[in-house]
1. Inspect segment 90-101 for any residue being in a helix (DSSP H, G or I), touching a strand residue (DSSP E or B) at 6+ places or on another chain (Cβ under 9 Å) and touching a residue at least 60 places away in the same chain (Cβ under 8 Å) and give the result as yes or no.
2. Are there any pairs with C-beta distances below 9 angstrom linking a residue in segment 247-267 that is at positive phi and surrounded by 24 or more Cβ atoms within 10 Å (Cβ to Cβ) to a residue that is part of a helix (DSSP H, G or I) and at pLDDT below 90, with the two at least 6 apart or on different chains, and if so which?
3. For residues that are closer than 13 Å to residue 221 by Cα and assigned to a helix (DSSP H, G or I), tally how many sit in segment 50-77.
4. Can you tell me which condition residue 237 does not meet? The list is (1) outside any helix (DSSP H, G or I); (2) surrounded by fewer than 24 Cβ atoms within 10 Å (Cβ to Cβ); (3) modelled with pLDDT of 90 or more, and all the others hold.
């Protein structure tokens, strides 16, 4: 039914971010009622800090998904970034800026190899990036001998442990900058329009003069770069490079983007929606703890949300096709 202002359930369903907003509000309200400590300053800041790390990964992945591709190696590539940076700075004694550059370069190399398999060898993206995830995971275990790398410098620790005004963790600022820049690029620039065009119809985009393979390569390498950056932040936050950094991140980030309004089929993408999706997962994780629910249920809840996100994406696509 439609009112005088033209509102309808159908028009509401077209709001891409709706899939993240509704559960975000509901879960926040329930958690607050069960335990008012959920909305304490310390807890809200912790939620923002957790969100900031996933936003750093979610924004570039949004571009990749919008262009019609996906990357399941992002979690293990995150761990690799922290490991390479720590090894370069601690084991090799390289200056911190050089160690960071080396780590980012390695992350981009992983992204390039993903693009090589998907674009030039025409391997299915799901299988290719899943295989790369296993390769990187194994590499991480080999080069670290399954042990954390500690002994990082105070300067390294300051990258993620610094707090703005003594309160807000600095990664929150990094995430805000990345999200704002990503939103502007996606919605206001020619490059953003190219990404959406390629995701919507790669063949037509190619005929229009867009180098589809090159664009996908850029997207894969950008995701790799930000995976490394996120890994460096994890290493800084915990004062050591750990194999568990980024564990389970791939599906969480993928789910965040999808439930926020980015389609796995490509052609649509919303950075703001991805940020909301990342916030939703951080809130869920925190709410389970605050409400005293066993963390064993966390993956169950995450899986259910991913299924819900895929259903929402399917319904949204069907609605668009009818329109």
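1. Within segment 90-101, one or more residues are in a helix (DSSP H, G or I), touching a strand residue (DSSP E or B) at 6+ places or on another chain (Cβ under 9 Å) and touching a residue at least 60 places away in the same chain (Cβ under 8 Å).
2. Matching pairs, first to second residue: 261/18; 261/19; 261/20; 261/312; 261/313; 261/316.
3. Matching residues across segment 50-77 total 7.
4. Going through (1) outside any helix (DSSP H, G or I); (2) surrounded by fewer than 24 Cβ atoms within 10 Å (Cβ to Cβ); (3) modelled with pLDDT of 90 or more one by one, residue 237 breaks only (1).
The values are calculated or read from the model by the stated rules, or taken from the named source; none is laboratory data. On a predicted model such as this, the values are computed, not experimentally measured, just so you know. So basically every Cβ, Gly included, is an ideal-geometry build from the backbone, and we count neighbours across all protein chains shown.
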